[in-house]
Amino acid sequence: MSTKQFLFSGFGGQGILFAGKFLAYKGLIEDKQVSWLPSYGPEMRGGTASCSVIVSDEPVGSPIVSNPDMLIAMNLPSLDKYENAVVPGGVIFADSTLIERKVNRDDVTVYYIPATRLASENGTPTLANMIIIGKVLKVLGDFEENAVRAALGKVISAKHADMLEVNLKAMQLGADYE
Amino acid sequence: MADKVLMKGNEAIAEAAIIAGCRHYFGYPITPQTEVAAYMAKKMPKIGGCFLQAESEIAAINMVYGVSSTGKRVMTSSSSPGISLKGEGLSYLAGSDLPALVVNVQRGGPGLGGIQPSQSDYFQATRGGGHGDYHMIVLAPASVQEMAELTVKGFDLADKYRMTSMILADGTMGQMMEPVSLDFDIKPQPEKPWATTGTKMEREHNIVNSLSLVPEELEMLNMKRYDRYKIVEENETMYEEYMVDDADIVIAAFGIAARVSKNAVNEARKQGIKVGLIRPITLWPFPKAPFEKAAEHAKAFISVELSMGQMIEDVKLATNCKRPVTLCNRVGGMIPSPEQVLKAIIDVNNGGVK
């Protein structure tokens, strides 16, 4: 891998920025060059939120991801907005609990994960984001428990250390989902 | 080297300021720089510093004036409309030869404008910002690491030359996270024999003031100040050159525009176009020398800006208009894409733009 560009998008409150931050930290721990750029409009819970994450072997130029290699769409407006921006041959991860339609393109790989439903059934309704991230890492061939733990340790504050296992379990759910 | 951490640009500025010995922060919240104040609010009380949310931007800059008069390192931060409000105070700081660090995380204007990134306060920053003949040292970071490094550098330069250093960033630089190392070599702060620290009945009074009613004296003060500016111009210019040596086309861009332009330069090089980038790190003093040198071999320049074309004037001045300079821009909170910059390069390369 030389450079991977990710775009995370969904409702405010779905943990879009957190998921992006996790991925950026994982890159940092693995000695990659990384950047994380949130949208920062007048947003609030229920509004739209997105963030650009770049993980690269080389210094990151523009931190703005306009054409992602991987799109993580956690609601329908996000898929509508960014579906056509994904590079040909790219990958789309869609939360199929909240997105009822199918992706219209045939030049990208699509993973439909009912993340919101899985999160709810797991008793962790706020962790749909981490379920999808689990799948992202699995697809990247990058789901290695120690590395994942290390990165989680960076984004979960010491005060909430008990959440680490919970997040890890959610990610495992996503990784195992077929 | 210490471990790198992920930080937002705004947070990196705040932490670097604390490391540089700043213990006084005055501000008033405004997007997209609020994290600077939030970080200071959290940290300052724990280290015996002072965080104060002023009643307005004008109050904040005058608090900066007060603390600076006592010789302590002090800063304020804001975004474009708030910096306009501070304009009077910036002029008074200059008129009193007081050091200070002022951060402008720019957003689209004019007026209240929007909250998305912009570089349209270039004129305001490089030409002083308030009334009267004066300059600020204007530093333009293009990464979170530089947000931190230039903050430390800004305090050093401010103290050394008794000037305001301004960090001229934008919403992207403030909001983005990148790995940053905060392992700085901190120089001891210089003595400030002019500071108003109490005479203890042992010396003459120090007076900090910008009022001077005798024209002959005020003229002399201005002349002396500009002698000092000349030394700054000779010694403190900073810039980065990227693939300029053999370039037919040279891009001028700072901050986020330089990041975007670098992508375009790499792509154009793949297509066989000889293009390079000069990234001014100090916007005042403007790095004239690399532009003069590049004008000897480059056929054309492109100024990439998030404004209607402000730095382009300095590029034309630096090159004495020897070569054509075209503008590639977006405004109002929009950011040029690498594709847009690449197209501008290809157009210029084809001679399509006059």
**Q.** Rounded accessible area per residue of the range A:3-176, 1.4 Å, Å²
**A.** 43
Q.
For a quick check of your reading of the filter: which trypsin sites (Lys or Arg not before Pro) in the range A:1-81 sit in a DSSP loop and have no more than 10 other Cβ atoms within 10 Å?
A. A:Arg45
Q. Using the Cβ atoms and a cut-off under 14 Å, what net charge is assigned to the surroundings of B:Glu313, where Lys and Arg are +1 and Asp and Glu are -1?
A. +1
Q. So what's the gap between the Cα centers of the range B:1-50 and the range B:197-240, to the nearest angstrom?
A. 29
Q. If you keep only loop residues by DSSP, which GluC sites (Glu not before Pro) in the range B:186-254 have at most 10 other Cβ atoms within 10 Å of their Cβ?
A. B:Glu191, B:Glu202, B:Glu204
(Q) Just to confirm the filter: which GluC sites (Glu not before Pro) across the range B:1-94 are DSSP coil and have at most 15 other Cβ within 10 angstrom of their Cβ? (A) B:Glu55
Q | Under 17 Å from the Cα of B:Lys288 - aspartates and glutamates, other chains or at least 8 residues apart | A | B:Glu233, B:Glu234, B:Glu236, B:Glu240, B:Glu241, B:Asp245, B:Glu296, B:Glu313, B:Asp314
(Q) Exceeding 20 Å between C-alpha atoms, which entries from my cross-link table qualify? They are A:Lys4/A:Lys138; B:Lys274/B:Lys343; B:Lys8/B:Lys187; B:Lys192/B:Lys224; A:Lys32/A:Lys159; B:Lys8/B:Lys343. (A) B:Lys8/B:Lys187; A:Lys32/A:Lys159; B:Lys8/B:Lys343
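Net charge within 15 Å of B:Ile61 by Cβ-Cβ distance, Lys/Arg positive one each and Asp/Glu negative one each, not counting B:Ile61 itself? Kindly include the intermediate steps, with their values, before the conclusion.
Working: positive: B:Lys86; negative: B:Glu55, B:Glu57, B:Glu88.
Every neighbour counted, the sum reads -2.
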Q. Given charges of +1 on the Cβ of Lys and Arg and -1 on the Cβ of Asp and Glu, with all other atoms neutral, how large is the dipole of the range B:1-109 about its Cα centre, in debye to the nearest 20?
A. 280
Q: On a C-alpha basis, how far is the centre of the range B:70-105 from the centre of the range A:117-149 in Å? Whole number, if you could?
A: 47
Q: Taking only protein heavy atoms into account and a 1.4 Å probe, give the accessible area per residue of the range B:240-349 in Å².
A: 38
Q: For the range B:113-152, list whatever residues lose no less than 10 Å² of accessible surface once every protein chain is in place, relative to that chain by itself, with the probe at 1.4 Å.
A: B:Ile115, B:Gln116
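Over all directions, the average projected area of the alpha-carbon convex hull for the range A:3-176 comes to how many nm²?
The directionally averaged projection comes out at 9.6 nm².
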Q | Gyration tensor (alpha-carbon) shape descriptor, the range B:122-167, a/c threshold 1.5 | A | oblate
(Q) Please enumerate, by chain and number, the aspartates and glutamates with C-alpha under 20 Å from the C-alpha of A:Lys81, excluding those fewer than 8 residues away in the same chain. (A) A:Glu43, A:Asp69, A:Asp95, A:Glu100, A:Asp106, A:Asp107, B:Glu339
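For the range B:240-349, what is the percent of antiparallel DSSP beta bridges, rounded to the nearest 5?
20
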Q. Per-residue ellipticity at 222 nm for the protein assembly as shown, helices alone: DSSP H runs ≥ 4 residues times -39500 (n - 2.57), over residue total, nearest 500 deg cm²/dmol?
A. -11500 deg cm²/dmol
**Q.** Shielded by partner chains, the range A:21-41 residues - at least 30 Å² of accessible area, 1.4 Å probe, vs chain alone
**A.** A:Tyr25, A:Leu28, A:Val34, A:Trp36, A:Leu37, A:Tyr40
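For the pair B and A, how large is the buried accessible area, both sides, in square angstrom to the nearest 100, if the probe is 1.4 Å?
Numbers: alone 15620 and 8690 Å², together 22680 Å².
Looking at B and A, the buried total is near 1600 Å².
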Q: Rounded, prolate or oblate: pick one for chain B, where a ≥ b ≥ c are the square roots of the eigenvalues of its C-alpha gyration tensor, a/c under 1.5 means rounded, and failing that, prolate if a/b is larger than b/c, else oblate.
A: prolate
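The values are calculated or read from the model by the stated rules, or taken from the named source; none is laboratory data. Because the structure is a prediction, the values reported are computed rather than measured. FYI the Cβ positions are ideal-geometry reconstructions off the backbone, even for glycines, and counts take in every protein chain you see. The accessibility values were calculated without ligands, DNA or RNA, using every heavy atom of the protein model including side chains. Shrake-Rupley method; radii C 1.70, N 1.55, O 1.52, S 1.80 Å.
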